[in-house]
Structure formats: C-alpha cells, structure tokens
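Data block below; observations after.
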Amino acid sequence: MSLHRLRKRCEKIVAELEIPEPFEIRKLCDVLGERRGRPIHLVPIKLPAHTVCGMCVPTREFDAIFFEQETSPLHQLLIIGHELGHLIAGHQATEVLDPDASRLLLPDLDPALVRRSLGRSNYAADEEREAEMIGSLILRRARSGQDERRESPLDSRQAELYGRLRHSLEHPDW
C-alpha cells in the first residue's frame, strides 16, 4: 500500500474515533475498551534494553498494553498509541518468537506465556506502519484540541516561519 493510501486509510479510522476532551490516554482506553467489549489495561514495565518498547497482549477478558516505564511521558504516549493502533485496526499477529527470545525479553515470566503473548503482538511490517500512523494521528488529533500557544511568544517573522515548517511537516504531499 502506498504511503498516501495508508495515510488516508488511517485518517479515516482516527476520524471515526471518539477522542476524549480533555485528552487523557486512560480515558481513550476506556472508550476503546467499551467499543471492543472488554477493558484495556495500561501496564508500565521495565523492559530489557534493545528489545521492544511496548506490546499488546489481547486476552479473552481484557487487552493489556505493556509499555516502557523508564522513558519520557511523550514516548510512553507514542508507544501506547502505536499499540492501540494495532487494536483499532484489528491486526492479527504473525509467527511466535522462539524460547530464547522470550527468555531474553521477559526473563521473570514463563517462556510459554511470553511466547503466546508476544505471538499475539508480533505483526507484519505493513501492520507496524499502519499502527504507527494510527497512533501518531491519534496524538495529533488530541493535540489539536489543546491550546497551541508557546510559552515564549514568537515575533511575527518567527511565527510565520514556524507555521510554514509545521504545515510542511504535518501535511506532506504524499
């Protein structure tokens, strides 16, 4: 799928979401959980370096989103948004990780449980791009409802340049 078509598809998906105002990620999870018929739990966790930053583990009763607890709040939102993107788009996981990889990722958990869980959250490259786009668009939409004034005021020349730069980054001609 071309990047332009992917973006249009993801914009349509996000436009149909009920984004709570004021935006809070936990409230969004509550809304999406109701829509999916089971709650979404956010679980901060310290993950080993050089592994994943987050993962989604759907169960019969609830969906759990694990995210790196030792990163910035903005990065946490991006991780959670990405994992929500997988849920919203209805992605199905690909093959399960081998036992050594599961021990490396979460050494304190039973490798069979980790493999089953990660097997549900190991997606194809196209699905990763789609989840990333959905997560980014959710955060962009949430931010659009916030006051965008900067703490230090810009003079008119700086404000014009800032506006052009922002527009070119937010609305690329894909």
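Every number here is computed from the coordinates shown, using simple stated rules; none is lab data. Predicted, not measured: the structure shown is a model, and the values here were computed from it. Because the Cβ atoms are built from the backbone with ideal geometry, glycine has one as well, and the counts that use them run over all protein chains shown.
Under 5 Å between amide hydrogens, built in the peptide plane, is the criterion, and for HIS41 it picks out ASP63, ALA64, ILE65 among residues at least 5 positions away or on other chains. Counting 0.36 nm for each residue step from ARG141 to ALA89 and taking away their Cα separation leaves a gain of 17.0 nm. Sorted on the mean count of surrounding Cβ atoms within 10 Å across their residues, most packed first, peptides 14-21, 83-90 read 83-90, 14-21. Measuring between their Cα centroids, the range 10-52 and the range 62-89 lie 7 Å from each other. Multiply the residue separation of GLU70 and THR51 by 0.36 nm, subtract the distance between their alpha-carbon atoms, and state the gained length in nm to one decimal. Extending this stretch completely gives an extra 5.5 nm. Listed by chain and number, the lysines whose C-alpha is less than 22 Å from the C-alpha of LYS27, apart from same-chain residues fewer than 8 away, are LYS12. Phi angles across the range 7-14 convert, under the Karplus curve 6.51 cos²θ - 1.76 cosθ + 1.60 with θ = phi - 60°, into 3J(HN,Hα) values of 4, 4, 4, 5, 4, 5, 4, 5 Hz, Gly and Pro given as x.
With a Förster radius of 25 Å applied to the C-beta separation of GLU24 and ARG60, the computed FRET efficiency comes to 0.40.
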